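Asker: For reference, the structure I am asking about is given below.
FYI, it's all coordinate maths here, none of it is from the lab. Because the structure is predicted, anything quoted here is derived from the model rather than measured. Note: ideal-geometry Cβ built from the backbone for every residue, glycine included; neighbour counts use all protein chains shown.
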Amino acid sequence: MKSLRGAKPTISPDLYPLTKAPRAPDWMTDEAKAEWKRIMPRLIAGRIITKSDLTGLENYCVAVGRVREIETLFKTSGLDKVLFGMQNRAMQTARQLAAEYGLSPVSRTRLGGAGTDDDDSDNPLMVR
């Protein structure tokens with residue numbers, strides 16, 4: 001069955017990647033800054049991120065930070081239904097933005113981390 005959205009393009013290293021990780025913006029929460037520091041080394045090493053991508057990356061980190069902050073609030077408040085909706089939307093946003101930058105297993109596979117098709121095996125169970 002063919003997807004109605006079409007095939008996603010293959011992610012590849014950029015021609016003008018950042019070579020050094022910029023500091024997390026001062027306005028970010030501690031949780032968002034922690035995510036920035038966690039993912040930035042891999043994005044720099046993979047030559048994936050450019051200066052023009054930083055706003056999207058900021059949004060991703062803010063969404064992840066918000067999910068963590070809401071999880072903390074779950075423990076201390078009685079607003080479970082309201083907080084669940086907020087957290088769910090933040091999780092969806094973070095997941096979508098993570099895919100944009102190769103931060104999920106599927107998007108890393110598109111980036112080229114899944115190996116090669118060099119195997120000449122006749123194994124019918126081999127998934128390609």
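Asker: Please report the orientation-averaged projected area of the range 30-113, defined via the convex hull of its C-alpha atoms, in nm².
Answerer: Working: hull surface 23.2 nm².
About 5.8 nm², averaged over all directions.
Asker: Could the peptides 82-90, 30-38 be put in order, highest first, of the mean number of other beta-carbon atoms found within 10 Å of their residues?
Answerer: Values: 82-90: 14.4, 30-38: 17.1.
For the peptides 82-90, 30-38, the packing ranking is 30-38, 82-90.
Asker: Do you know the relative contact order of the range 30-113, to the nearest whole percent, from alpha carbon pairs under 8 angstrom that are 6+ apart?
Answerer: Values: 62 pairs, mean separation 26.1, N = 84.
Across the range 30-113, relative contact order equals 31 percent.
Asker: Sort 74-80, 43-49, 16-22 by packing, meaning the average of other beta carbons within 10 Å per residue, with the highest value first. Each step should come with its number before you reach the end.
Answerer: Working: 74-80: 9.7, 43-49: 17.4, 16-22: 12.0.
The peptides rank, most packed first, as 43-49, 16-22, 74-80.
Asker: Among 95-103, 58-66, how do they line up from the highest to the lowest mean number of other beta-carbon atoms within 10 Å? Walk me through the intermediate numbers first.
Answerer: Working: 95-103: 18.0, 58-66: 21.4.
Most protected by this proxy first, the peptides run 58-66, 95-103.
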